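Remarks on the structure that follows.
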Amino acid sequence: MSELNQLIYEKKTVYEKAGKEVVEAAYEYAKGYVKFLDAAKTEREAVAEGVKLAEAAGYRPYQFGDAIKAGDKFYYNNRNKNIFLFRIGTEPINNGIRITAAHIDSPRLDLKQVPVYEDNGMCFLKTHYYGGIRKYQWLALPLALHGVVVKQSGEVVDVVIGEDETDPVLYITDLLPHLAAGQNEKNIAHAFVGEKLNILVGSRPLDGADKDAVKMGVLRYLNDKYGIIEEDLLSAELSLVPAAKARDLGFDRSMICGYGHDDRVCAYPSITAMIDTEDTLHTNMCLLVDKEETGSDGVTGMQSSLITDLITEIAKALGGNEATVRANSKCLSSDVTATFDPNYADVYEHRNSSLLGCGIGMCKYTGSRGKGGTSDASAELVAWVRRCLNEAGVVWQTSELGKVDVGGGGTVAKYMANHNIDTVDLGVGVLSMHAPYEVIAKVDLYEAYRAFKAFYAF
């Protein structure tokens, strides 16, 4: 009978397959992740945390042209908005590089360049939403302001308001149900519009102000606290994110509810696995990039030439051929996948969905409908990753982003594959993806760490 059972593929949970010791390790590992999640609510903050982790592990800053040799551990900080770690192995560089690529930006609300205005005794900030959000989820929610203001002189001012218990929070008003009959008749795409996602920031007039006295009071607060004036907001990157901290979810504390799991739940295990891997044979690289939620464009996105520039420099320094290095490299696009939600079962295809607690999920292809916008990993690469994960005892599963004709999504996988680097998606399943508070299972997070660690060393 046991031989017959081997003929059948069946998903099982980490609790069933890995045992109590692994589960306890997962709960412990999650503590560090929660601290990272709370400290890294923007890509700039994630880079700052990444630099701390890297430097504590002996990685040093890299500049193009630096000498490179086996055993070196470097990080490259790209404009404080993405970070690449790489460690040089002892084998010939033409054997390729083991690469993980996660993103550290998340859906949010960005301030417009001219955001401050007063209306009927209230002061608001205008926003432009970033990434794919469901607008209604951001209403009537305590929000915090994060980011930087760069003065004309070049001085960079870090801004965080709403995280400390003594800070005020910010807020988007919602329409009371008593007056929402007209709104209720609209479909969800038209009932909530981006231009009404205005942040309430003040209602007290500034003594002595003749015009826009409430707005003047807000500007006085910002000037007293940060030394900035309204014109400085023209050269600022300021974002609204949920103010609350990540918390354990469930009576059994088996899950984590927090902002930004997509994709920091893959970024954190990617970088910690890289740091903790003792293998010295392979050259490894961990990419934490920006702009994935808006298409991966720009100098800090995955479509930037930076990745190929770095590979060129590494190959040249170690006597390799850049094209050969890329052709022999392998990449895990470590991005999240959708966890099957029984409350919305009609949009999922259960047999091919990621199930909560069943380990890290492999997406052979993403895209939408007829596989539009996907690189679709080869069967050979999937078999290689299967062997890597199974030999390491990692609990993993296959996954898709819902029913074929319902929707879909994309990751950075296709951009890496376009460089002739074999790439497949491997990431943690998320409930309520892109909501201000998302949910993941601790055991799935830990299996991601174990998977990336196995990959770096395989």
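None of the figures in this text is laboratory data; all of them are computed from the coordinates on show. Since this is a predicted model, take the numbers as computed values, not measurements. Using ideal geometry, Cβ is built from the backbone for each residue, glycine included, and neighbour counts are taken over all protein chains shown.
Structural remarks
- Note on ASP346/ASP376: beta-carbon distance plugged into 1/(1 + (r/R0)^6) with R0 of 30 Å gives a FRET efficiency of 0.70.
- Bridge orientation summary for the range 313-458: considering DSSP beta bridges with both residues in this region, about 40 percent are antiparallel.
- Ranked packing of 114-122, 75-83, 371-379, 139-147, most packed first, by mean Cβ within 10 Å: 75-83, 139-147, 371-379, 114-122
- Across the chain, C-alpha contacts under 8 Å between residues 6 or more apart give a mean separation that, scaled by the residue count, equals a relative contact order of 22 percent.
- Based on the Stokes-Einstein relation at 10 °C and a viscosity of 1.306 mPa s, and on the Kirkwood radius from alpha carbon pairs, the chain is assigned a translational diffusion coefficient of 68 µm²/s.
- Sequence ranges 319-329, 268-278, 170-180, 282-292, ranked by mean other-Cβ count within 10 angstrom, highest first: 282-292, 268-278, 319-329, 170-180
- As computed over the range 232-303, the Cα convex hull volume per residue (Å³): 163
- Note, ³J(HN,Hα) from phi for the range 262-270, Karplus 6.51, -1.76, 1.60, rounded to Hz, x at Gly and Pro: 8, 10, 6, 5, 9, 5, 5, x, 4
- Rounded to whole numbers, the Karplus 3J(HN,Hα) couplings from phi for the range 126-138 are 7, 10, 10, 5, 10, x, x, 10, 9, 4, 4, 5, 9 Hz, using 6.51 cos²θ - 1.76 cosθ + 1.60 with θ = phi - 60°, and x at Gly and Pro.
- Think of the range 295-441 as a dipole: +1 on every Lys or Arg Cβ, -1 on every Asp or Glu Cβ, centred on the Cα centre; then among ALA377, VAL299, SER333, ALA377 lies furthest on the positive end.
- Relative contact order of the range 344-455, pairs being alpha-carbon contacts under 8 Å that are 6 or more residues apart, as %: 38
- Along the range 87-101 the Karplus relation, 6.51 cos²θ - 1.76 cosθ + 1.60 evaluated at θ = phi - 60°, assigns HN-Hα couplings of 10, 8, x, 8, 6, x, 5, 5, 6, x, 10, 8, 10, 10, 9 Hz to successive residues, with x for each Gly and Pro.
- For VAL428, net neighbour charge (Lys/Arg +1, Asp/Glu -1) across residues whose Cβ lies under 13 Å away: -4
- Given charges at beta-carbon only (K, R positive; D, E negative), |dipole| of the chain in Debye: 580
- Global geometry of the range 19-63, whether rounded, prolate or oblate, following the gyration tensor of its Cα atoms and the 1.5 cut on a/c: oblate
- Using the Cβ-Cβ distance between GLU165 and ASP297 with R0 set to 45 Å, the FRET efficiency works out to roughly 0.75.
- Per-residue [θ]222 nm for the chain (sum of -39500 (n - 2.57) over DSSP H runs n ≥ 4, rounded to 500): -8500 deg cm²/dmol
- Put a plus charge on the Cβ of each Lys and Arg, a minus charge on the Cβ of each Asp and Glu, and nothing anywhere else: the dipole of the range 129-216 about its Cα centre is then about 460 debye.
- Three-way shape label, the range 16-121, alpha-carbon gyration tensor, a/c 1.5: oblate
- Rounded, prolate or oblate (a/c below 1.5 giving rounded, otherwise prolate when a/b exceeds b/c) for the range 330-411 by Cα gyration tensor: oblate
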